[in-house]
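J.: What follows is a structure written as structure tokens; I'll ask about it next.
Read-outs: derived from the displayed coordinates by stated rules, not from any lab. These figures come from a predicted structure and were not determined experimentally. Backbone-built Cβ (ideal geometry, glycine too); neighbour counts: all protein chains shown.
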Ligand code: SF4
């Protein structure tokens, strides 16, 4: 798989393929949200961030 992020030797992180940064799984945040990224459609970091935002939206809507 050649997605935007991949499992990393550093435990509990994913690597952003655009910037090379290690991103903690506990706080997945896209490393270049305002720039075009060819990896975005397959990026696990980006997908997890979107899931987290959606969960927060639902939580707020329920309150
Ligand atoms: S979508 Fe964001 S986190 Fe994923 S590879 Fe691109 S810049 Fe990095």
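J.: Roughly what would the spin-label model give for residue 42 and residue 10, points 7 Å off Cα along C-beta, in nm?
T.: Inter-label distance under the simple model: 2.3 nm.
J.: Something else about it: At 222 nm, what helix-only mean residue ellipticity would the chain give, in deg cm²/dmol to the nearest 500, using -39500 (n - 2.57) for each DSSP H run of four or more?
T.: Values: 1 runs with 19 residues, N = 63.
It lands at -10500 deg cm²/dmol.
J.: Oh, and also: Angle, helix 44-62 long axis vs. longest principal axis of the chain, Cα atoms, 0 to 90°, nearest 10?
T.: 10 degrees
J.: Separate question: Between residue 56 and residue 26, how high is the FRET efficiency from 1/(1 + (r/R0)^6) when r is the Cβ-Cβ distance and R₀ = 22 Å? Nearest 0.05.
T.: On the way: r = 15 Å, r/R0 = 0.69.
After rounding to 0.05, the efficiency reads 0.90.
J.: I'd like to compare 41-48, 10-17, 26-33: which one has the highest average count of other Cβ atoms within 10 Å, and what's the full order after that?
T.: Those peptides, ordered most packed to least, come out 41-48, 10-17, 26-33.
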